[in-house]
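J.: Here it is, the structure in full.
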Amino acid sequence: MLGRLLNSGAPAPVLLDVRWHLGGPPGVESYRKGHLPGAVFVDLDRDVAGTPGSEGRHPLPDPAEFQAAMRRAGVSGDSRVIVYDGADSTAAARLWWTLRYFGHEDVHVLDGGYHAWTTAGHPVETDSTPGQENTAAEPGDFRARPGNLPVLDAEGAASLAKAGVLLDARASERYRGEVEPIDPVAGHIPGAVNAPTLGNVGVDSRFLPSGLLRERFAELGATDAVDVGVYCGSGVTAAHEILALHIAGIPAALYVGSWSAWVADPTHPVATGEA
């Protein structure tokens, strides 16, 4: 579909490469080895999140800084934006969500990412000027207008776990508190329901059909008839869950700070084991 779009004669979409690896190596290294023709690299840690701290490891970016990053990448108010990562859309979903939160609606995720593109035999570029990977030939005029998607803070997440459905998008062993490789405390928010993001995609790393996603979330109690929220470790894979819910036709709020912000306050309760 994207290949046809690029060759349709319509205005070319803005392509944003947001490949990212938790703990490294830097995604820009993958970009330099090959990327979609014309794509601009966006650094998730630098451009799509703020400074780590009490609000989590990947808090919301400063509006002015995000606006400047998107303008450098060539995003304008009327741009069709297509974002992609390596394969499973985890990082791409966070950029998709952030752009929509800041008011840009015409943004889409390349399902299957760079892997799907190359597997289909589409061409790639390998040339890039070091230090200029995140700068488009023509700057955009994107204007960041925060508040266009629902978000949760810690109090809201705790309330939703009681009165609605709060999904924990992390792996089951982290949810149960058996392991915690990143944050200082293991466990989950009391009342949250575990819904690992790996369950949103098939073996090809592409999203399941909308009907199957609706069935999956319904079994977890998440439907369009109840209030739904999502968190993860730091608000990245939770955005992937938000995108899967969007495909299924279920609106949901994101606890951006997620577990890393929750455990930053020692007064917050922690649950372990199964729900």
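J.: Can you give me the number of residues within region 86-115 that are in contact with a Ser or Thr (Cβ under 9 Å, 6 or more places away or on another chain) and either among the acidic types (Asp, Glu) or outside the structural domain of Leu60 (by TED's automatic domain parsing) (or both)?
T.: 3
J.: Then there is this: I want to confirm something. Restricting to region 214-229 and keeping residues that are over 21 Å from Ala157 (Cα atoms) and in contact with a Gly (Cβ under 9 Å, 6 or more places away or on another chain), which single residue is surrounded by the most Cβ atoms within 10 Å (Cβ to Cβ)?
T.: Arg214
J.: Checking the condition small (Gly, Ala, Ser), touching a residue at least 24 places away in the same chain (Cβ under 8 Å) and farther than 21 Å from Met70 by Cβ, which residue from Gly147, Gly140, Gly121, Gly156 passes?
T.: So the residue among Gly147, Gly140, Gly121, Gly156 that is small (Gly, Ala, Ser), touching a residue at least 24 places away in the same chain (Cβ under 8 Å) and farther than 21 Å from Met70 by Cβ is Gly156.
J.: May I ask you to say which residue of Phe217, Phe207 is aromatic (Phe, Trp, Tyr), over 23 Å from Trp20 (Cα atoms) and in the same structural domain as Ala157 (by TED's automatic domain parsing)?
T.: Phe217
J.: Mind listing just one residue for me: the one in region 31-56 that is under 17 Å from the mean Cα position of the chain (by Cα) and under 22 Å from Pro13 (Cα atoms) and, of those, surrounded by the most Cβ atoms within 10 Å (Cβ to Cβ)?
T.: Val42
J.: Also: Confirm whether Pro59 is buried (at least 16 other Cβ atoms within 10 Å of the Cβ) and either at pLDDT 95 or above or under 21 Å from Val151 (Cβ atoms) (or both).
T.: Taking the combined requirement at face value, the residue satisfies it.
J.: Kindly check whether there is at least one residue in region 177-197 that is of a type outside the set (A, V, I, L, M), touching a residue at least 40 places away in the same chain (Cβ under 8 Å), in a helix (DSSP H, G or I) and buried (at least 18 other Cβ atoms within 10 Å of the Cβ).
T.: Yes, that holds for at least one residue.
J.: Considering only residues that are farther than 19 Å from Ala239 by Cα, surrounded by 12 or more Cβ atoms within 10 Å (Cβ to Cβ) and among the aliphatic types (A, V, I, L, M), which ones fall in region 102-158?
T.: Ala116, Val124, Ala136
J.: List, please: which pairs have Cβ atoms under 8 Å, are six or more places apart or on different chains, and start with a residue in region 87-101 that is at positive phi and end with one that is part of a loop (DSSP other than H, G, I, E, B)?
T.: Here the result reads Ser89/Leu110; Ser89/Asp111; Ser89/Gly112; Ser89/Ser205, each pair linking region 87-101 to a residue that is part of a loop (DSSP other than H, G, I, E, B).
J.: Could you please give the count of residues in region 44-86 that are in a helix (DSSP H, G or I) and either without any contact (Cβ under 8 Å) to a residue 60 or more places away in the chain or of a type in the set (Val, Ile, Thr) (or both)?
T.: Residues meeting the conditions: 4.
J.: Tally the residues that are in contact with a Lys or Arg (Cβ under 9 Å, 6 or more places away or on another chain) and not in a helix (DSSP H, G or I), restricting the search to region 105-118.
T.: Of the residues in that region, 5 qualify.
J.: If you go through region 256-272, how many residues are within 19 Å of Val228 (Cβ to Cβ) and part of a loop (DSSP other than H, G, I, E, B)?
T.: Count: 2.
J.: Which one of Ile242, Ile250 is in a loop (DSSP other than H, G, I, E, B), modelled with pLDDT of 95 or more and either within 21 Å of Gly112 (Cα to Cα) or hydrophobic (A, V, I, L, M, F, W, C) (or both)?
T.: When all the criteria are applied, what remains is Ile250.
J.: Okay, moving on. If we keep just the residues of region 205-216 that are within 18 Å of the chain's Cα centre (by Cα) and not hydroxyl-bearing (Ser, Thr, Tyr), which is farthest from Ala195 (Cα to Cα)?
T.: Arg206
J.: Give the residues of region 253-275 that are aliphatic (A, V, I, L, M) and at pLDDT below 95, sorted by residue number.
T.: Scanning region 253-275 gives a single hit, Ala275.
J.: Considering only region 159-175, how many residues are surrounded by fewer than 19 Cβ atoms within 10 Å (Cβ to Cβ) and charged (D, E, K, R)?
T.: 2
The values are calculated or read from the model by the stated rules, or taken from the named source; none is laboratory data. Given the structure is predicted, the values throughout are model-derived calculations rather than measurements. With ideal geometry, Cβ positions are generated from the backbone for all residues, glycine too; neighbour counts draw on all protein chains shown.
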